[in-house]
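Asks: Quick one: the structure is below, and I'll ask about it shortly.
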Amino acid sequence: MATIEKTQEQVDVLELVATNNEIILYNDDVNTFDHVIETLIRVCNHEELQAEQCALLVHYTGKCGVKTGSFDELKPQCSALLDAGLSAEII
């Protein structure tokens, strides 16, 4: 009779939990498409097409997530959007 030895191994799994926040840009009746697009390019480093798509989403749906990251990364960008007269918040 043969003996089979089984070994149980315990492995710890570490998971990096990042709390990503998002800048939400809201629609308004004041700013032009051009101003919104130029501001997204300047502040959020969007490509022109991406900024145009975000502006259209904001116009037709009322809001759009324009940037994700940590709160500390997003705070100055959100402030710059607000300073440019846009309606935005970090969630």
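Asks: Taking only protein heavy atoms and a 1.4 Å probe, what accessible area per residue, in Å², does the chain have with all protein chains in place?
Replies: Accessible surface, normalised per residue, equals 77 Å².
Asks: Ok, one more. Which of the lysines could be linked to K75 by a straight reach, that is with a Cα gap under 25 Å, when you skip same-chain ones fewer than 8 residues away?
Replies: Qualifying lysines at Cα under 25 Å: K63, K67.
Asks: So, R0 is 25 Å and r is the distance between the beta-carbons of L14 and K75; what FRET efficiency does that work out to, to 0.05? Provide the component values of the computation, followed by the final result.
Replies: Working: r = 28 Å, r/R0 = 1.13.
Once the sixth-power term is evaluated, E becomes 0.35.
Asks: Let me ask something else about it. Ignoring ligands, DNA and RNA, what percent of the accessible area of the chain is carbon or sulfur (1.4 Å)? All intermediate terms of the calculation are to be shown ahead of the outcome.
Replies: On the way: 3550 of 7040 Å².
Accessible surface attributable to carbon and sulfur in the chain totals 50 percent.
The values are calculated or read from the model by the stated rules, or taken from the named source; none is laboratory data. Remember, predicted model here, so these are calculated numbers, not experimental data. Cβ sites come from the backbone with ideal geometry, for glycine too, and all protein chains shown count toward neighbours. These accessible areas exclude ligands, DNA and RNA; they are computed on the full protein's heavy atoms, side chains included. Shrake-Rupley method; radii C 1.70, N 1.55, O 1.52, S 1.80 Å.
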